[in-house]
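Remarks on the structure that follows.
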Amino acid sequence: MGFGLPDENLHAPNEHFHLENFDKGMETLAHYWFMLENVK
């Protein structure tokens, strides 16, 4: 599950990564794990 946007050019010489995307990604991951726990 990637958190970066296409225009951030991760792993390129001019890469950047907005910390807001990281924070939202962590929230999304926690929600995803919570939902998986409740799947029967």
>> Can you give me the angle between helix 19-37 and the longest principal axis of the chain, using Cα atoms only, in degrees from 0 to 90, rounded to the nearest 10?
In response: 20 degrees
> About its Cα centre, what dipole magnitude does the chain give when the only charges are +1 on Lys and Arg Cβ and -1 on Asp and Glu Cβ, stated in debye to the nearest 20?
Replying inline: 240 debye
> In deg cm²/dmol and to the nearest 500, what is the mean residue ellipticity at 222 nm of the chain if only DSSP H runs of at least 4 residues count, each as -39500 (n - 2.57), divided by the residue total?
Replying inline: -16000 deg cm²/dmol
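Quick note: the coordinates plus some simple rules give every number you see, no bench work behind them. These figures come from a predicted structure and were not determined experimentally. Cβ: placed from backbone, ideal geometry, glycine included. Neighbour counts: every protein chain shown.
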